[in-house]
1. Sorted by average packing, counted as other Cβ atoms within 10 angstrom per residue and highest first, what order do 76-85, 52-61 take?
2. Tell me the carbon and sulfur percent of the accessible area for the chain, rounded to whole percent, probe radius 1.4 Å.
3. Taking the chain as the reference, fit the longest principal axis to its C-alpha atoms, fit the long axis of helix 43-56 to the helix C-alpha atoms, and give the angle between the two in degrees, 0 to 90, nearest 10.
4. The list [x] 12.7, 36; [y] 14.8, 50; [z] 14.5, 41 gives values of Rg and Dmax of the Cα atoms in Å, and only one came from this structure; which label was calculated from it?
5. Rounded to the nearest whole Å², what accessible area per residue is found for the chain with the 1.4 Å probe?
6. If you take the square roots of the eigenvalues of the alpha-carbon gyration tensor of the range 26-86 and sort them as a ≥ b ≥ c, do you get rounded (a/c under 1.5), prolate (a/b over b/c) or oblate?
7. Compute the angle between helix 21-34 and the longest alpha-carbon principal axis of the chain, please, reported from 0 to 90 degrees and rounded to the nearest 10.
8. Over the heavy atoms of VAL20, what accessible area does a 1.4 Å probe trace out, to the nearest 10 Å²?
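The values are calculated or read from the model by the stated rules, or taken from the named source; none is laboratory data. Since the model is a prediction, treat every value here as computed from it, not as a measurement. All Cβ positions, glycine included, derive from the backbone under ideal geometry; neighbour counts span all protein chains shown. Heads up: the accessible areas ignore ligands, DNA and RNA and are worked out on the full protein's heavy atoms, side chains in. Shrake-Rupley method; radii C 1.70, N 1.55, O 1.52, S 1.80 Å.
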Amino acid sequence: MSLDEVFREECVILELQADVKQAALEEMVAHAVSSKLLPPARREQVLEILLEREARGSTAFGGGIAMPHARVPKLRRSCGVIARAPGGVDFRAVDGEDVHVLVMLV
């Protein structure tokens, strides 16, 4: 699967509304479901796995960027969502700065 198949045009959120990590992940997963990138029946499972991953350590690596990701058993294909958060999201980044670009990969 190529990157353009994972990150399609409908995978972009230009103005993420959330300002905290969990709400940002919820919004991105909801976008993936509404864009038919993820099956609705897997919504809660995907969110739970993303939150479990974040509990082990933030996926924000500084410079205003975070890459939340998760492996979901038996998911038929990968999907990604790119979001811009103009107001910033507290992702507990290593540099202490808010995140403004999120790249979710499932």
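1. Numbers: 76-85: 18.0, 52-61: 15.0.
Most protected by this proxy first, the peptides run 76-85, 52-61.
2. On the way: 3240 of 6170 Å².
With neighbouring chains kept in place, the figure for the chain is 53 percent.
3. 40 degrees
4. Label [x] holds the value from this structure.
5. Values: 6170 Å² over 106 residues.
Here the residues of the chain average 58 Å² of exposed surface.
6. Numbers: a/c = 2.10, a/b = 1.38, b/c = 1.52.
Judged from the Cα gyration tensor, the range 26-86 comes out oblate (a/c at least 1.5, b/c at or above a/b).
7. Between helix and principal axis, roughly 30 degrees.
8. Approximately 80 Å² for this residue.
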